[in-house]
Amino acid sequence: MVHDLLKIENDVFEYEVQTSGADPKVSPGQKQKVILDESDELWTELRHQHIAVVTQLVCFYFVFSLIMGLVLFLKEYYKEDQRFCYT
């Protein structure tokens, strides 16, 4: 389904990123490329799914990665503070 919605050539999706505060009329955005092949775990998992399922899973993965990042940060933070050592 992604091939119906996006222009993908030779397993490469190219898009443009506009920096915040920049005027798109004055400065063009920076071009980015994403290689969509078998080495991309997320791509291989989601490429044949319906767009509604993909949307929910991507939101879930995003929130999950934020939570895991916070957990790792707090672990490191509290490891350095002796008041929170439970040995």
Count - residues of region 53-82 that are more than 15 Å from the chain's Cα centre (by Cα) and under 26 Å from V12 (Cβ atoms): 1
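Output the residue which, of all residues in region 40-77 that are among the aromatic types (F, W, Y) and without any contact (Cβ under 8 Å) to a residue 12 or more places away in the chain, is nearest to L5 (Cα to Cα).
Once the filter is applied, the top-ranked residue is W43.
Here's the yes/no breakdown for (1) in contact with a helix residue (DSSP H, G or I) (Cβ under 9 Å, 6 or more places away or on another chain); (2) loosely packed, with under 10 Cβ neighbours inside 10 Å:
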residue	(1), (2)
F13	yes, no
D23	no, yes
G29	no, no
S39	no, yes
L42	yes, no
L46	yes, no
A52	no, yes
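FYI, it's all coordinate maths here, none of it is from the lab. Please read these numbers as outputs of a predicted model, since none were measured by experiment. Every residue, glycine among them, receives a Cβ derived from its backbone with ideal geometry; neighbour counts consider all protein chains shown.
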